[in-house]
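Here is the structure we will look at.
The values are calculated or read from the model by the stated rules, or taken from the named source; none is laboratory data. Small disclaimer: the values here were computed from a predicted structure and weren't measured. Note that we place each Cβ from the backbone using ideal geometry, even for glycine, and neighbour counts take in every protein chain shown. Please note that ligands, DNA and RNA were not included when accessible areas were found on the heavy atoms of the full protein model with its side chains. Shrake-Rupley method; radii C 1.70, N 1.55, O 1.52, S 1.80 Å.
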Amino acid sequence: MLFNRSSSNIPVRTWSALGSAGAWRRARHAALAALALLPASCADFDPGDGDLDDSSEMSELSEGEVGEAAEELTLPFAIDRRKSLIVTDVDIVSQFSLQAVLQQLITQSGVSGLTPLTLFRRMMDTHRTTATGVFSTVQHCDAVSANTADIYPPGSSNPAEQPTGSINGWPVLCPRAVGDEAASDPFADANADSAYMATTLSNRFDLAPPDGSNCGEYRIVFARKGGASDANSLQRNFIIFEARLPNPNPSQGRAACAPVVNFWLNQSDPAKSVTTRKNELLSFYFTGLTGFEPVIHIDHYGHAAGPDHGQIRTNEFLNGTSPPAAWSLREFRLTHGTSGSPSLNIVPSFVKDNPAARLFSPAASSDPRVTSFRSTVFPNAVERLAATDDINRFAYPSALPDSNNAGESLMIPLQNNYLNAIGTGTSTLRTNIENKLTTLLGSDLSGTAGNLSVDQVVARAESLACSGCHEPQDRNGAPSSAFDVGVPSGAFPNTLVFTQTSEKTEPISASNPSGPRRFLISPALINVFLPFREKVMTDYLLNNATLGFEKPGAWTSSQALLAVHTGRVKEGISSLEVRTPASFNAIVSPNFSTAGLTPVGNKIKLDLFISKVQPNPSWVGTIEVLISIPSAGINNQWVGSIVLNSLTRGAFNVITFPQLAAATITALNGAPSDVKLQFNLNVTANSGPYYLDNVRFEN
């Protein structure tokens, strides 16, 4: 969710790139001085604290005000979202060419005689039928015929809406006009409509998983030049290279990704020229940082199957003179051979996390894909889909079974319109979703008072489909500017109509309309997605991974099941989920150092999410905390206990424990490396789950 920083987090944390200790102290003093001048508002104080703070604390600043002011002073410079998160400057992206990307992949594959033109044409030829294809060895779109029973919606009289091909066992439109590209040469004339230009470089470190098995996704968007003109709006096509960057030291988790995050942070350095940024970005993508593979690598685009190995995607509007009714998003994998038997192909694949609409349809079916989806797959996803009010955190709990994923993502026609497919009447799937919501939220399914309706959960799934993210449609297939996904902030944010980026440009500086230009990006990116990605990046750079519950397996319990959760989160990318607790549960941290936290405050705070449905509503339980610093002779020192009954259920509460002993504060400020916290959760057995996040020491 879009969250505020804790008031203690920034002034008391270091960042290794700040330079000398003296420089850091000066920055910190400046932060404290600036924070002292900020106004306070009663509305900004933490609601629902587990312990009533003394009156002197009412003069504290709001967490948001303190966090934003201190954050800017703690980082060496402010993050510029258009430099560190998404780059569309024409002077920079124009140096990236589709031909160079394909050539690098060919060179890495070791295939002799293969050219970028042939590789491009073979990819586009997959949209043609076997009878009209240019290459006999390409997997054409009619290689497997569509099963008419799988077509959704059924019965369309428009031939353009009647899929005849199949990918992954689900229907796809075949042939496609984009297959005409198999006979074109996009490299012959850089100014031709058929040429492709880079429009966007995208930093998706936010996609790096909590275990740090990879360091996120880094994208290049290429757009067909014919789409830059309104007169040629039906000549649009996008090819997006979405590389997952492996972690060179996975045993270190996300910590090993620091060079990548610092690289993107340093793109915001105001002292860097456009030429310097251009050269550094070219090196990052084509050469790689020290110790890291280059972004553009034959293993980073889905050669190994699975959700964490990247992909190549297309956003296809190329329809000649036809109406854009067959707009489609498709996914491809780059496969290659070995050094002894080299090969390289871009092959059609299913679109990940895009279940076929027929799976939502109430029509009776003996298809095991449909029955399992209704009975287990989607009902088991409801908790994760319902876990957050932040659009950025919508997700499935794990990768959907491959058999569920459609061969393409369409909203027109309605092949990914799940609201249309599930309908409004009673169905097995609707009942199963409702039962799950009742277990999670209670019996009120009106969509009010913080609860979610069945339709809102289904709409969240629709927004995760490629077409649903690019242009959500209402149940009747009309573009919706009020797509209801059940979040307090309102409807799903607006795109650029079917795209998040554009072939059109704008001045970088409004005060200099004739100066340098950049490609447009969507309001959704500007107002929703980029602020979240900036927060993920900032929290990674500034916060303590142990106290933020960012490391899977770091905290342990002999009684309860523990897991990281990326939905219900107050800070960073994950919280600690406490599943099926016993009546007593000790949740113990690993040893950690306070070297980056000094000066340490005199209280311990914790964000705690309490499940809305309690087996014993009259007694929720208590939570207490103990602290150990063996090097200072402190072992299992009791800090305090909080009764949970009065806290808000179904939401995070800020728990404030009584003041730490003076000797403990002194010890903590000595930066010991053997600090350990233990939270004891005393609750009704098998209640919950509970979620812990964002432990901090505060004054």
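Would you confirm whether any residue within region 268-280 is farther than 26 Å from Leu334 by Cα, in a loop (DSSP other than H, G, I, E, B) and in contact with a helix residue (DSSP H, G or I) (Cβ under 8 Å, 6 or more places away or on another chain)?
There is at least one residue in region 268-280 that is farther than 26 Å from Leu334 by Cα, in a loop (DSSP other than H, G, I, E, B) and in contact with a helix residue (DSSP H, G or I) (Cβ under 8 Å, 6 or more places away or on another chain).
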message: Just checking: which of the helices (runs of 4 or more DSSP H) contained wholly in region 350-437 hold 3 or more residues that are of a type outside the set (Val, Ile, Thr) and in contact (Cβ under 8 Å) with a residue 60 or more places away in the chain?
response: 378-385, 418-422
- prompt: Considering only residues of region 228-248 that are more than 22 Å from the chain's Cα centre (by Cα) and over 18 Å from Cys466 (Cβ atoms), which is modelled with the highest pLDDT?
  reply: Ala228
query: Looking at (1) open to solvent by less than 60 Å² (accessible area, probe 1.4 Å); (2) touching a Cys at 6+ places or on another chain (Cβ under 6 Å); (3) not small (Gly, Ala, Ser), can you tell me which one Glu161 breaks?
result: (2)
- prompt: So which residues in region 567-605 are touching a strand residue (DSSP E or B) at 6+ places or on another chain (Cβ under 8 Å), within 26 Å of Leu541 (Cα to Cα) and hydroxyl-bearing (Ser, Thr, Tyr), if there are any at all?
  reply: Ser574, Ser575, Ser589, Ser593, Thr594
query: Among the candidates Val675, Val695, which residue alone is touching a residue at least 12 places away in the same chain (Cβ under 8 Å), under 21 Å from Pro581 (Cα atoms) and among the β-branched types (Val, Ile, Thr)?
result: Val695
field: Matching option when the condition is assigned to a loop (DSSP other than H, G, I, E, B) and at pLDDT 95 or above, among Ala524, Ala554, Ala586
entry: Ala554
message: Which count do you get for residues in region 274-313 that are surrounded by 15 or more Cβ atoms within 10 Å (Cβ to Cβ), of a type in the set (Ser, Thr, Tyr) and more than 16 Å from Ser109 (Cβ to Cβ)?
response: 1
query: Taking the stated definitions as given, is Pro493 open to solvent by less than 50 Å² (accessible area, probe 1.4 Å) and of a type outside the set (S, T, N, Q)?
result: yes
message: Can you report the number of residues in region 411-438 which are open to solvent by 40 Å² or more (accessible area, probe 1.4 Å), modelled with pLDDT under 90 and closer than 18 Å to Tyr396 by Cα?
response: 0
task: Scan region 594-646 residue by residue and report those that are among the polar types (S, T, N, Q) and assigned to a strand (DSSP E or B).
output: Thr622, Ser628, Asn635, Asn636, Gln637, Ser641
field: Residue count, region 171-200 (criterion: of a type outside the set (Lys, Arg) and part of a loop (DSSP other than H, G, I, E, B))
entry: 15
Failed item in (1) part of a helix (DSSP H, G or I); (2) of a type in the set (Val, Ile, Thr); (3) within 30 Å of Arg393 (Cα to Cα), with Ile240 passing the rest: (1)
query: So which residues in region 596-618 are within 26 Å of Asn686 (Cα to Cα) and either open to solvent by less than 30 Å² (accessible area, probe 1.4 Å) or at pLDDT 95 or above (or both), if there are any at all?
result: Lys605, Leu606, Asp607, Leu608, Phe609, Ile610, Ser611, Gln614
- prompt: Looking at region 493-521, which of its residues are polar (S, T, N, Q) and assigned to a loop (DSSP other than H, G, I, E, B)?
  reply: Asn494, Thr495, Thr499, Gln500, Ser509, Ser511, Asn512, Ser514
field: Residue list for region 665-679, filter: assigned to a strand (DSSP E or B) and open to solvent by less than 20 Å² (accessible area, probe 1.4 Å)
entry: Val675, Leu677, Phe679
Cross-chain or 6+ apart pairs with Cβ under 6 Å, region 88-114 first and without any contact (Cβ under 8 Å) to a residue 24 or more places away in the chain, then surrounded by 17 or more Cβ atoms within 10 Å (Cβ to Cβ): Leu102/Pro116; Leu102/Leu119; Gln103/Pro116
task: Name every residue in region 250-282 that is over 28 Å from Asp211 (Cβ atoms) and not charged (D, E, K, R), in order of residue number.
output: Pro270, Ala271, Ser273, Val274, Thr275, Thr276, Asn279, Leu282
- prompt: Which residue pairs have Cβ atoms closer than 6 Å, lie 6 or more positions apart in sequence or on different chains, and pair a first residue in region 180-195 that is without any contact (Cβ under 8 Å) to a residue 60 or more places away in the chain and among the aliphatic types (A, V, I, L, M) with a second residue that is open to solvent by 30 Å² or more (accessible area, probe 1.4 Å) and not in a loop (DSSP other than H, G, I, E, B)?
  reply: Ala195/Lys225
message: Considering only region 395-402, I want to know if a residue exists there that is in contact with a Ser or Thr (Cβ under 7 Å, 6 or more places away or on another chain) and farther than 20 Å from Gly169 by Cα.
response: yes
query: Does Asn191 satisfy the condition of being open to solvent by 30 Å² or more (accessible area, probe 1.4 Å), in contact with a helix residue (DSSP H, G or I) (Cβ under 8 Å, 6 or more places away or on another chain) and on the phi > 0 side of the Ramachandran plot?
result: no
Region 373-391: number of residues that are more than 17 Å from the chain's Cα centre (by Cα) and open to solvent by 40 Å² or more (accessible area, probe 1.4 Å): 4
